Amino acid sequence: MRTKVVAGNWKMNGDQAFTRSLLTSLLDQLGGDGRPSCEVIICPPAILLTTAREALGGSTQGSNALGDRVPGSSFIQLGAQTVSEHEVGAFTGELAPSMLADAGCSHVIVGHSERRTLYGEADRHVVAKFKAAQAHDLTPILCVGETLQERQSGTTQVVIERQIRALLNELGVAALSSAIIAYEPVWAIGTGETATPAQAQEVHARIRQLVASRDMAVASGLRILYGGSVKADNAAELFSAPDIDGGLIGGASLKADEFAAICRAGSNR
Ligand code: 13P
């Protein structure tokens with residue numbers, strides 16, 4: 001039985017006051033008896049990670065001075081939205097994986113379609129970022145997905161298999177034993193047009209089959225999230241599909257009530 005994951009990708013939204021207020025409300029709604037059984041991750045802009053960590057009650061999943069993982073004082077884990085593939089040095093504007101771990105991150109999104117299309121990240125960059133993240137014990141959330149044009153031309157599976165094979169061929173299937181995949185059809189992101197549970201399930205099942213063709217155990221433990229216009233009112237149906245193990249939530253993760261409801265939808269099945 002895979003534990004579901006609900007992750008919020010805030011993208012380039014929020015400030016310190018917003019962060020404190022949203023997280024206070026989330027902790028109120030999901031703390032105590034309301035605590036969800038799914039894993040909950042929030043991925044704010046990097047400059048708000050420290051504010052988020054404080055609002056969540058100190059260290060979340062960072063390392064201490066000895067480099068050991070410190071158990072979180074909050075059940076809400078922190079993730080970043082991207083990471084440099086480099087360790088240190090002259091890379092203006094970039095953030096190293098060690099810096100994200102130091103700021104309290106346990107997860108990092110890699111290969112989001114906005115990074116791929118707006119910032120020219122190719123599969124080889126995504127794989128390098130994935131590898132760098134894992135080298136610092138950050139769990140990568142690898143995003144894959146097809147554009148509308150690719151879906152309409154019938155190449156959805158080809159595109160997704162190319163994105164995942166790039167990783168499997170370079171790092172081997174074992175790399176997926178401590179990672180999460182998010183299937184995010186580009187045409188469903190921020191459009192209000194959600195993939196139907198059947199459309200998403202079909203792709204998720206194919207992703208799992210592809211991984212299973214390399215390693216059955218890794219495939220059966222792999223959490224595959226759906227992302228693209230997930231809301232409180234469609235989350236439960238999506239999450240009930242057998243290969244949908246939770247969601248990567250954009251717009252709805254900026255509203256405490258919506259996000260809390262999605263976390264509850266990820267909890268009770
Ligand atoms: P929306 O939920 O706003 O469609 O965004 C999805 C997404 O891109 C999450 O990474």
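The values are calculated or read from the model by the stated rules, or taken from the named source; none is laboratory data. Remember, predicted model here, so these are calculated numbers, not experimental data. No Cβ is skipped: glycine too gets one built from the backbone with ideal geometry, and neighbour counts run over all protein chains shown. Just so you know, the surface numbers come from the protein's heavy atoms only, side chains and all, with ligands and any DNA or RNA stripped out. Shrake-Rupley method; radii C 1.70, N 1.55, O 1.52, S 1.80 Å.
Based on what the data block shows, is Ala175 away from the ligand (no atom under 16 Å from the Cβ), among the aliphatic types (A, V, I, L, M) and closer than 30 Å to Met99 by Cβ? So Ala175 fits the description; yes.
Taken together, Thr155, Thr139 contain a single residue that is under 23 Å from Glu54 (Cα atoms) and not small (Gly, Ala, Ser), which is Thr139. Scanning segment 102-131 for residues that are more than 19 Å from Leu171 (Cβ to Cβ), away from the ligand (no atom under 13 Å from the Cβ) and surrounded by 13 or more Cβ atoms within 10 Å (Cβ to Cβ) turns up Asp102, Ala103, Gly104, Cys105, Ser106.
Filtering segment 121-131 to residues that are part of a helix (DSSP H, G or I) and among the hydrophobic types (A, V, I, L, M, F, W, C) leaves Val126, Val127, Ala128, Phe130. Is it the case that segment 191-214 has a residue that's under 21 Å from Thr156 (Cβ atoms), within 11 Å of the ligand (Cβ to nearest atom) and in contact with a helix residue (DSSP H, G or I) (Cβ under 6 Å, 6 or more places away or on another chain)? The answer is yes, given that some residue of segment 191-214 is under 21 Å from Thr156 (Cβ atoms), within 11 Å of the ligand (Cβ to nearest atom) and in contact with a helix residue (DSSP H, G or I) (Cβ under 6 Å, 6 or more places away or on another chain).
Considered as a group, the residues in segment 85-96 that are within 17 Å of Pro45 (Cβ to Cβ) and within 19 Å of the chain's Cα centre (by Cα) include one that is most open to solvent (accessible area, probe 1.4 Å), and that residue is Leu95.
Scanning segment 69-95 for residues that are more than 16 Å from the ligand (Cβ to nearest atom), hydrophobic (A, V, I, L, M, F, W, C) and in contact with a helix residue (DSSP H, G or I) (Cβ under 8 Å, 6 or more places away or on another chain) returns Phe75, Ile76, Val88, Leu95.
Within segment 132-157, track down each residue that is surrounded by 18 or more Cβ atoms within 10 Å (Cβ to Cβ) and either part of a loop (DSSP other than H, G, I, E, B) or among the aliphatic types (A, V, I, L, M) (or both). Passing the criteria: Ala132, Ala133, His136, Leu138, Ile141, Leu142, Val144, Gly145, Glu146. For beta carbons closer than 6 Å, sequence separation of 6+ or different chains, a first residue in segment 180-199 that is open to solvent by 40 Å² or more (accessible area, probe 1.4 Å) and a second that is away from the ligand (no atom under 11 Å from the Cβ), the qualifying pairs are Val186/Thr147.
The residues on offer are Thr60, Thr82, Thr51, Thr19, and the sole one that is at pLDDT below 95, open to solvent by less than 60 Å² (accessible area, probe 1.4 Å) and more than 18 Å from Gly247 (Cβ to Cβ) is Thr60. For segment 96-108, filtered to residues that are assigned to a loop (DSSP other than H, G, I, E, B) and either basic (Lys, Arg) or out of contact with any strand residue (DSSP E or B) (no Cβ under 7 Å at 6 or more places or on another chain) (or both), the residue that is farthest from Thr51 (Cα to Cα) is Ala96.
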